[in-house]
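This report concerns only the one structure given below.
The values are calculated or read from the model by the stated rules, or taken from the named source; none is laboratory data. Note that this is a predicted model, so its numbers are computed, not measured. FYI the Cβ positions are ideal-geometry reconstructions off the backbone, even for glycines, and counts take in every protein chain you see. To get the accessible areas, we keep the full protein, side chains included, count just its heavy atoms, and leave off ligands, DNA and RNA. Shrake-Rupley method; radii C 1.70, N 1.55, O 1.52, S 1.80 Å.
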Amino acid sequence: MGSNSSRIGDLPKNEYLKKLSGTEFVSENDPFWNQLLSFSFPAPTSSTDLKLLEEATISVCRSLVENNPRTGNLGALIKVFLSRTKELKLSAECRNHIFIWQTNNALFIICYLLKVFICEMSEEELQLHFTYEEKSGSYSSDSEDLLEELVCCLMQLITDIPLIDITYEISVEAISTMVVFLSCQLYHKEVLRQSISHKYLMRGRCLPYTSKLVKTLLYNFIRQEKPPPPGAHVFSQQSDGGGLLYGLASGVASGLWTVFTLGGVGSKAASAPALASPLANQSLLLLLVLANLTDAADAPNPYRQAIMSFKNTQDNSPFPSSIPHAFQINFNSLYTTLCEQQTSDQATLLLYTLLHQNSNIRTYMLARTDMENLVLPILEILYHVEERNSHHVYMALIILLILTEDDGFNRSIHEVILKNITWYSERVLTEISLGSLLILVVIRTIQYNMTRTRDKYLHTNCLAALANMSAQFRSLHQYAAQRIISFRLAFVEKWKIKRNIFVIFCFFISAKGKTHRKLIKSYVLFMVTKP
C-alpha cells in the first residue's frame with residue numbers, strides 16, 4: 001500500500017501495513033496515515049481472489065491482533081476515518097476526488113480488519129480493542145465509545161452523503177461495513193439478545209437514525225443505481241461488481257441468510273447473478289439483517305417496527321403516537337421494483353417480509369389492478385423449482401399463501417387473461433387466466449415434491465394455497481382442469497386410500513362462507529400431515 005499501486009502478493013511485505021500492525025504507536029495526526037491510505041490495486045472479484053487476499057494478509061492481521069492492545073493503532077485508524085467523514089459532505093459538493101478516495105481506502109481497511117477481529121475474538125475482547133487510551137497506556141471504560149461512534153458515523157454517511165459518482169463506492173462500503181459489524185450472530189450458537197449490535201442500534205446514539213436509515217435503504221433498493229463507469233473517479237480500480245468490501249459483506253450476508261429462512265427442498269446453492277446495482281443489493285442485505293435482529297430483553301427491534309409501520313406518500317392520515325419510527329415512502333415505486341427484482345432471493349424475502357408484517361403494503365398490493373406483474377415472477381420461481389435454492393422456493397410459496405388468503409385476490413386472478421406464457425414449456429399457453437396458471441404451477445410443484453424432495457412442509461403449503469382458492473374457481477382453462485383430474489388420480493394411485501379423493505375434490509367445492517372454507521382447509525392440512 002502507499003502512494004504506489006500495490007498487488008495482493010506484495011501485501012505481506014508492505015512497510016505501511018507492517019507499521020500499522022507493529023509494536024509502535026502511531027498517532028492519528030501522523031503523516032503516516034496519508035501515505036497508508038494512498039493506495040489502489042485491482043480488488044478481488046471472486047471467492048478465489050478473496051481467499052488469496054486473506055492468505056496474503058494473515059501475518060499482518062495476526063500481528064495487529066497481538067499488538068493492538070498495546071498500541072491502539074486500530075483505534076487511531078478509526079479516528080482518522082471519523083475526522084475525515086466530518087468533511088466528506090463538503091468534499092462531495094466540491095468534488096474533491098483525492099480526499100474521498102483516501103477516506104474510501106480508510107473504510108476499506110477498517111471493514112476488512114473488523115471482519116478479522118469479529119472472527120477471532122469475543123465481543124468483550126473486541127470492545128477492549130476500541131477503548132485503549134495511549135496517553136494513559138490503559139483501557140478506559142469512561143472514555144467515549146469509539147465503536148459506537150464508528151457505527152453512528154456509518155449511519156450518518158449512508159443517510160446524509162449525497163449519492164454521486166465519486167461517493168458511490170464509499171456508500172456501498174459503508175453499508176457493507178454495517179453488515180460485517182452485524183455478523184457477530186454467525187459466531188454464536190445461541191440467539192443473541194444482548195450483543196453489541198443491540199447495545200448500539202436499539203438503545204444507543206444510533207436509535208434516532210432508525211427511520212431515516214430504513215427509508216434510505218429502501219430507496220436505494222428502489223432506485224437500483226448503477227455504479228459509475230470506469231474513469232469517473234480516481235479510485236476506478238474497483239470492479240463493476242462492487243469491489244472488495246462487497247465480496248466481504250456478501251459472504252457474511254449469505255451466512256446470515258440461512259439463519260433467517262427455512263430449509264428443505266433440496267440443497268442447491270443459488271447462482272450469483274451479475275449485479276446491476278451493488279448499492280441496491282447491499283442496501284437490501286443490510287435492511288434484511290436489521291429487520292431480523294432479535295428483540296432486546298427490554299426493547300423491541302426498532303428497525304422491524306419501522307418496516308411494519310411505514311405508509312404510502314399519498315396517505316395523509318396522521319401517524320398514531322404509539323408508532324415511534326414511522327415514515328412515508330412511494331408505494332408505487334416500491335411495488336414496481338419488487339416486481340422487477342424477484343429473480344433475486346433477497347428481493348423475494350423482502351416481499352414476504354412486507355406482505356407479512358406491514359398491513360399498509362399488503363392492503364395496497366391486494367388492491368392493485370395489475371397483480372399479474374407480481375404474481376407471474378413468483379410463479380416462475382416455483383415453475384423452475386429444480387434451479388432454485390430452498391429459501392427462494394419457500395418464500396415464493398408462502399407469498400402465494402398470504403395472497404390467496406384474500407377472497408378478492410382469489411376472484412380477481414380468474415379475470416386476468418394472459419397471453420403466450422413463454423417460460424411454461426409443458427404446453428403452449430396462448431391464452432389462459434392468471435388463476436388457471438397459478439393452479440397449474442402449484443400442482444406441478446406438488447408433483448415435483450412427491451417424486452423428488454418429499455418435503456411435507458412444501459406439500460402442506462401448496463395444498464393450503466389450493467384450498468384457499470377453491471371457493472373462487474371460475475372458468476378454468478381446459479388444461480388446468482385436466483391437470484387437476486390427473487393430479488387426483490396420481491394421489492389415489494399413490495396412496496390407495498379413498499378418503500384422499502375427498503381431499504382433492506374439496507378444491508372443487510364452492511364453499512359458502514368462511515366457516516365452510518376453513519373446515520375444508522383444516523381437513524386438507526390434517527390429511528396431508530397425518531402419518
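Remarks
- Restricting attention to the range 323-360 and to residues that are open to solvent by 20 Å² or more (accessible area, probe 1.4 Å) and among the small types (Gly, Ala, Ser), the residue that is modelled with the lowest pLDDT turns out to be 326.
- Residue list for the range 15-43, filter: over 15 Å from residue 77 (Cβ atoms) and more than 34 Å from the chain's Cα centre (by Cα): 15, 23
- Long-range neighbours under 6 Å by Cβ, at least six apart or interchain, first residue farther than 17 Å from residue 432 by Cα within the range 369-391, second open to solvent by 10 Å² or more (accessible area, probe 1.4 Å) and among the polar types (S, T, N, Q): 391/261
- Near pairs, Cβ below 6 angstrom, 6+ apart or cross-chain, from the range 100-116 (under 14 Å from residue 176 (Cβ atoms)) to any residue that is part of a helix (DSSP H, G or I) and modelled with pLDDT under 90: 111/245; 115/248
- Helices (runs of 4 or more DSSP H) fully within the range 360-439 that include at least 3 residues being among the hydrophobic types (A, V, I, L, M, F, W, C): 372-383, 390-403.
- Of the helices (runs of 4 or more DSSP H) lying entirely inside the range 139-213, those containing at least 2 residues that are charged (D, E, K, R) are 146-160, 168-181.
- Residues of the range 321-351 that are more than 16 Å from the chain's Cα centre (by Cα) and among the aliphatic types (A, V, I, L, M): 323, 326, 329.
- Condition met for residue 417 (crowded, with 19+ Cβ neighbours inside 10 Å and in contact (Cβ under 8 Å) with a residue 12 or more places away in the chain): no
- Residue count for the range 119-136, restricted to those that are open to solvent by 70 Å² or more (accessible area, probe 1.4 Å), modelled with pLDDT of 80 or more and either in contact with a Phe, Trp or Tyr (Cβ under 8 Å, 6 or more places away or on another chain) or not in a helix (DSSP H, G or I) (or both): 1.
- Test for residue 66: is it open to solvent by 60 Å² or more (accessible area, probe 1.4 Å), under 31 Å from the mean Cα position of the chain (by Cα) and either in the same structural domain as residue 26 (by the TED database) or within 25 Å of residue 7 (Cβ to Cβ) (or both): no
- Look at (1) more than 29 Å from residue 425 (Cα to Cα); (2) modelled with pLDDT of 80 or more; (3) charged (D, E, K, R) and you find that residue 514 fails only one, number (2).
- On the stretch given as the range 309-351, residues that are part of a loop (DSSP other than H, G, I, E, B) and touching a strand residue (DSSP E or B) at 6+ places or on another chain (Cβ under 6 Å) total 2.
- Only one of the numbered conditions (1) within 22 Å of residue 333 (Cβ to Cβ); (2) touching a helix residue (DSSP H, G or I) at 6+ places or on another chain (Cβ under 8 Å); (3) not in a helix (DSSP H, G or I) is violated by residue 281, and that is (3).
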